[in-house]
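As structure tokens, the structure follows; a few thoughts come after it.
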Amino acid sequence: MSIKKIKDNVYAITDGSTRGNVAAYVLPSQIVFVDSGMHIPLIKKFREHIERETGKKASVLFITHAHGDHVFGNQIFEDCEIITSELTHEAMVDSQKNNWTPEALEEWKKNSEDPLALDGLKIVLANKTFADEYELVDRDVKVIVKRTGGHTAGSSYVYCPNYKVMFAGDNLFNHSFPWGGTPTSDPLKWVESIQEYLSLDVENYIPGHGSISGKETLEEFLAYLNKVISLMKEMIAEGKTEEEILEQADKIDYYPSKREQWKALSLKKWYEVITS
């Protein structure tokens, strides 16, 4: 685990050791964490390190979306407010009922690179939700959390305008193909999300996966998304088949995906959204 100090008041782990990236905003009187990754012992050490370094206590954990690699460390923050969008909370409740069964969680543990990563795992849900936007104000510092959709319907960003840092969650994969095949993934909302990110006064973007970036990474991803969407719309208007459209969309150059089939499933989902 490598803890990166982005600015005097912002820390993050982006080396992949926690699977999904995690971050901490140090506010005047408290610490706000964002996402909890999927390595319980490392998340515990991360919290302890930031609290020890700053002399302040964790008070809030914001969750950007409902995937296990971003929420399986929630138990480390059970004593805090755990806040997320209503749609993300609903998705987590559904996953707890249908996907995160004891048997499924055992498989997660077996397949983990570190056998201790999920030792003692228990699912901890949010204890506070918001519909579309939430603001936390601590003296003269503000943290804005806004649901935009994109990667999932509940996907939200966590932005501190004072520090000019945004945690984008899985709406941003840095230098790898994004996972866009979730049931509620929407490429049109994704485009709007990235456009909104670029309109804000941000110097450092923390992606859900990959290293911290500037605006260039977002502009590159936005250009790719727009190319895919334009191609699909044009070929649909020409009466081309789904197979023909997906074949051509696959040829548009971008970063490789980390998992086999991610690109194919993502493109298929985006096609379904555009034709719906």
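Every read-out reported here was derived from the displayed coordinates using simple, explicitly stated rules and does not represent laboratory data. Computed from a predicted model, the values in this text were never measured in an experiment. We place every Cβ from the backbone using ideal geometry, glycine too, and count neighbours over all the protein chains shown.
Taking a ≥ b ≥ c as the square roots of the Cα gyration tensor eigenvalues, with a/c under 1.5 meaning rounded and otherwise prolate when a/b beats b/c, else oblate, which class fits segment 121-200? Oblate. Couplings 3J(HN,Hα) of segment 244-255, computed from phi: 5, 5, 5, 5, 6, 5, 5, 7, 5, 6, 7, 5 Hz, in residue order, whole Hz [Karplus 6.51 cos²θ - 1.76 cosθ + 1.60, θ = phi - 60°; x for Gly and Pro]. For segment 138-276, the Kirkwood estimate of the hydrodynamic radius, built from every pair of different alpha carbons, is 15.5 Å.
Sort segment 26-121 into rounded, prolate or oblate with this rule: let a ≥ b ≥ c be the square roots of the eigenvalues of the Cα gyration tensor; rounded if a/c is under 1.5, and if a/c is not under 1.5, prolate when a/b is larger than b/c, oblate otherwise.
oblate
Sequence-distant contacts, meaning Cα pairs under 8 Å at least 6 residues apart, place the relative contact order of segment 92-178 at 14 percent. Run the simple label-point estimate for GLU48 and ASN99 please: 7 Å along Cα→C-beta, distance reported in nm. Going from the GLU48 label point to the ASN99 one covers 3.1 nm. Projected label points at GLU113 and GLU196, each 7 Å from Cα along the beta carbon direction, are separated by 3.2 nanometres. Annotation: amide H-H contacts under 5 Å for ILE6 (H modelled 1.01 Å from N, sequence separation of 5 or more, or interchain): TYR11, ALA12. Cβ crowding within 10 Å, taken as a proxy for footprinting-reagent exposure, orders SER156, SER230, SER193, SER17 from fewest neighbours to most as SER230, SER17, SER193, SER156. Close amide H pairs (under 5 Å, H built 1.01 Å from N) link GLY20 with MET38, residues at least 5 positions away or on another chain. As a length-normalised measure over Cα pairs under 8 Å and 6 or more apart, the relative contact order of the chain settles at 15 percent.
Taking trypsin sites (Lys or Arg not before Pro) as exposed when DSSP calls them loop and at most 13 other C-beta atoms lie within 10 angstrom, the chain has its longest site-free stretch at 140-250. The lysines whose alpha-carbon is closer than 25 Å to the alpha-carbon of LYS122, local same-chain residues fewer than 8 away aside, are LYS44, LYS45, LYS57, LYS97, LYS109, LYS110. For segment 168-183, the Karplus equation 6.51 cos²θ - 1.76 cosθ + 1.60, evaluated at θ = phi - 60°, returns couplings of 8, x, 7, 6, 9, 10, 8, 6, 8, 6, x, 8, x, x, 5, x Hz by residue, with Gly and Pro reported as x.
Sequentially through segment 124-141, phi angles give Karplus couplings (6.51, -1.76, 1.60; θ = phi - 60°) of 10, 8, 5, 10, 8, 10, 9, 6, 10, 8, 9, 10, 10, 10, 10, 6, 9, 10 Hz, Gly and Pro residues having no value and appearing as x.
Ignoring lysines fewer than eight residues from LYS240 along the same chain, the ones with Cα atoms less than 26 angstrom from its Cα are LYS189, LYS227, LYS251, LYS263, LYS268, LYS269.
When the alpha carbon gyration tensor of segment 3-214 is reduced to an equivalent ellipsoid, the three semi-axes, largest first, read 23, 21, 16 Å.
In this structure, the amide hydrogen of ALA58, modeled 1.01 Å from its nitrogen in the peptide plane, lies closer than 5 angstrom to those of ILE31, counting only residues at least 5 positions away or on a different chain. Normalising the average separation of contacting C-alpha pairs (under 8 angstrom, six or more residues apart) by the number of residues puts the relative contact order of segment 2-56 at 25 percent. Our Cα-only numbers for segment 71-166 put the radius of gyration and Dmax at 15.6, 47 Å. When both bridge partners sit in segment 3-214, DSSP labels roughly 65% of those beta bridges antiparallel.
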